[in-house]
Structure formats: C-alpha cells, structure tokens
Amino acid sequence: MAHAYTPGLKVIPCTLLKKKRALPIPGKVLVGLGEEVEGSDIVAQTELPGKVYPVNVANRLSVAPDEIKNFMVKGEGAAIAKGEVIAENKPLIKWFKTAIESPIAGTIESISLITGQVMLREPPRILPLAAYIKGKVVEVHEGFGVTVETEGTFIQGIFGIGGETSGEIEVAVKSPAEDLAPEGIKDRHCGKILIGGRHASLSTIKRAVEMGVKALVVGGIHDRDLRELMGYDIGVAVTGTENLGITLIVTEGFGSIPMAEYTFKLLASRNGEKASVSGATQIRAGVMRPEIIVPGYPNNVTECKREQGRGWIEPGDPVRIIREPYFGVIGTVKSLPPELTTVGSESRVRVLEVELDGGEKLVVPRANIEVLEK
C-alpha cells in the first residue's frame, strides 16, 4: 500500500500521555516513584544563583587594590544586610571618614587584591517545577525531575503563545462557527480555560486578559492583531515564554476560521473539567505544538489509545489542508500517486488526492497537508 511521511496534528479523546518535567540545572526532586500528583504540585526545585554586584572599594577609599583587606569590615562568605557597612577607613579626623555600605542584602562573594573590587551576591532564588498535569510519577530523574503519566484528552493546536497554565474548561460560544465577542467574556470566566469558536479579535483577547481568563482557545486570529498584541513580528521562533497575562491557542490558523467541529465537540464534552494548557510552539518545524490536556476519560469513552501514530499517511487517513487555496479544509486521503505532478506554481512535486465529505476530490501537494490523528 502507498504511504508518505508527513507531520500530524493530534485531536484524541483519550490517550496515554507522558510528560518529562526537568529542571534547567541540577536541584532536588521532591516526589517519589509511583506518587500521584496534581498539576500544580511542585515535583522538583533548584536554586538559581543571585545577581552579582561589584563594588570598587579601592577607588572609593582611595587606596591601592592590595590594601583593601585592611579596610574590610567583613570577609569573604560573610552575610550582609542592605545598607550595612562592608568597608571603611579610619582617619585621625572623623570628618574625613569614608564608609562603604552594601547596596544589597546577600553575601560577600570575593575580595580581589588585584582589581580592588569586592563582589557581592544576592541570595539564591528558588525555582520550583510544577507537575503540569495530574497523573502518576512513573520515572524519577535524580537531581533533575520526573516523568508524569496520565490518561486523558489530548488536543494540539496550530499556533500558540504564552506559557503553561491550568483551569476549568468553559465553552463560551454555541457553535464552532461563532465568533467570541468581547462582551461574551464575563466576570465568572476569571481563572477559566475559555473555548471560543471561529475567531477572537484583539479587543476580545484584551478583554480576556482584563477579566483574568487563564487561556483562550479559538479557531483563528488575524496576524495583524497578533502583531499589535505582541508589539513585534514573531517570525521563526519558539513561543511559550511571552508574558501577556494569558495563554492563547489557535486550533486552525490565521484568519477567521471556524474551529473544526470534531475539536469543538471534544472540548465541549470536557466542559467544566480541569485542563492543563501550554501555548509553546516551534514555528515551522512543527515538533512542538500548543496543547490542551484534560486528564481522565471523557463521557462514553471506555478505552484509551495507547499506540503512537505511524508517522506516515495512507489512503483512508483524515487530513487537514494547511495552505491556500484550500486552507483549513478537512478530508480523507483518497490516493497517493507516486509520480511527480506539475502544480500551479509550475513546480513538479508529489501530490495526494483528498476526498471531501460531499464527494469532491482535491489534488494538493503532500507538503500542504497534515494528518488528523483522532
């Protein structure tokens, strides 16, 4: 049977998920193997070194660098408070006395007799690492973190911004083709994962931020609104670190595009349940997609999908066309002709035939589709 390798987009009612949670530098793991954790539980933490502040003691006291130890009040490693004297001279006339106060609270890191500089360091900052999803610890990475496993609904979007968050799902529109208007966002949506329909305008996104909505999931947004919201063009980058006060996930693409009915119905079936959301996206490469994870089985689902996707497509697979002129159209692979075909740009590429629900058949380049894994 003919097949072709292609990226996929997962919209799965129930599947087995594993999330590796790792610190950027070595630290301490706080949970044990087999322990059940909530998404907000801290599973590991580490200490980030504090900022360093140089103080030129030699210049301030008008002495040679190799003489500053004679004027230091405290030595290396000593704790200091903000405003505490760390060095001073002792002239015969006290009016000429010079005292150097610490600009920070912390410790004396080092005293250099070559440069005459004293390095002060702020206290370390605790960096906690949350579990992100509710589940069971199935692997402990000593000194770095854990792997958490859960079964639940897994939905990937096309594009997202904003980091990891969690909250209760609330569907704010009646259909996937309905726009989410600013006035549709109420006080009760504070702290929620809000599901819109076709499109969210810039004013809708700003209203969501104002109301304290944790995440907004819609079919599409306009790129001009994204530019205005961000203040710059994202270009080719990895998103997820934006500090906008909200996580935004687009399930279909840029423009006014109804959310896929299958995706909308699946989200609606988990209405009122707690979800974990991340907007992190690796632009173009597609190896990192924004995601919505809802632990537990949806209604009417009794078995979770445990096998991984094939990584290629075959006739009969559901696909979505991701480039114009058929952007967003969903159909089924009818055939995979092996020969090269000349397309509208006059390039010769491999294509596939997609059959739509109404029986219409489209021929598109294989690079212009992605698999819908359900």
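The values are calculated or read from the model by the stated rules, or taken from the named source; none is laboratory data. Computed from a predicted structure; not experimentally measured. Ideal geometry is used to build each Cβ from the backbone, glycine not excepted, and the neighbour counts take in all protein chains shown. Just the protein is used for accessible areas: all its heavy atoms, side chains included, with ligands, DNA and RNA removed. Shrake-Rupley method; radii C 1.70, N 1.55, O 1.52, S 1.80 Å.
Quick one: how many residues across segment 243-258 are open to solvent by less than 40 Å² (accessible area, probe 1.4 Å) and at pLDDT 90 or above?
Qualifying residue count, segment 243-258: 6.
Only residues that are assigned to a loop (DSSP other than H, G, I, E, B) and open to solvent by 60 Å² or more (accessible area, probe 1.4 Å): list them for segment 164-212, please. It would help to see each step written out before you state the result.
First, the residues of segment 164-212 that are assigned to a loop (DSSP other than H, G, I, E, B): 164, 172-179, 181, 185-186, 190-191, 196-198, 201, 212.
Passing the criteria: GLU164, LYS174, GLU178, ASP179, LYS186, CYS190, ARG198.
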Kindly indicate whether ALA177 is of a type in the set (Gly, Ala, Ser) and either modelled with pLDDT of 95 or more or in contact with a helix residue (DSSP H, G or I) (Cβ under 7 Å, 6 or more places away or on another chain) (or both).
no
Options LEU340, LEU352: the member that is in contact with a strand residue (DSSP E or B) (Cβ under 9 Å, 6 or more places away or on another chain), open to solvent by 40 Å² or more (accessible area, probe 1.4 Å) and at pLDDT 85 or above
LEU340
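In this structure, does VAL363 turn out to be crowded, with 17+ Cβ neighbours inside 10 Å and within 15 Å of PRO315 (Cβ to Cβ)?
Values: crowded, with 17+ Cβ neighbours inside 10 Å: no; within 15 Å of PRO315 (Cβ to Cβ): yes.
Judged against the criteria, VAL363 is not a match.
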How many of the residues making up segment 106-122 are open to solvent by less than 50 Å² (accessible area, probe 1.4 Å) and hydrophobic (A, V, I, L, M, F, W, C)?
4
Looking at segment 274-284, which of the residues that are crowded, with 16+ Cβ neighbours inside 10 Å and either among the polar types (S, T, N, Q) or over 13 Å from the mean Cα position of the chain (by Cα) (or both) is farthest from VAL301 (Cα to Cα)?
THR281
Pick out, from segment 76-116, the strands (runs of 3 or more DSSP E) lying fully within it that include 1 or more residues that are in contact with a helix residue (DSSP H, G or I) (Cβ under 6 Å, 6 or more places away or on another chain) and either closer than 21 Å to VAL52 by Cα or aromatic (Phe, Trp, Tyr) (or both).
85-88, 99-101
Can you tell me which residue within segment 142-163, out of those that are surrounded by 22 or more Cβ atoms within 10 Å (Cβ to Cβ) and in a loop (DSSP other than H, G, I, E, B), is modelled with the lowest pLDDT?
ILE158
Might you let me know whether segment 218-239 holds any residue that is open to solvent by 30 Å² or more (accessible area, probe 1.4 Å), assigned to a helix (DSSP H, G or I) and among the β-branched types (Val, Ile, Thr)?
no
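Listed here are the residues, each with its yes/no results for (1) at pLDDT 95 or above; (2) under 30 Å from TRP312 (Cα atoms).
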{"site": "PRO13", "(1), (2)": "no, yes"}
{"site": "LYS28", "(1), (2)": "yes, no"}
{"site": "VAL43", "(1), (2)": "yes, no"}
{"site": "ALA99", "(1), (2)": "no, no"}
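Sort through LYS69, LYS28, LYS18, LYS51 and tell me the only one that's within 30 Å of PHE264 (Cα to Cα), open to solvent by 80 Å² or more (accessible area, probe 1.4 Å) and of a type outside the set (Ser, Thr, Tyr). Let's see the steps before the verdict.
Values: LYS69 fails: within 30 Å of PHE264 (Cα to Cα); LYS28 fails: within 30 Å of PHE264 (Cα to Cα); LYS51 fails: within 30 Å of PHE264 (Cα to Cα).
Answer to the selection: LYS18.
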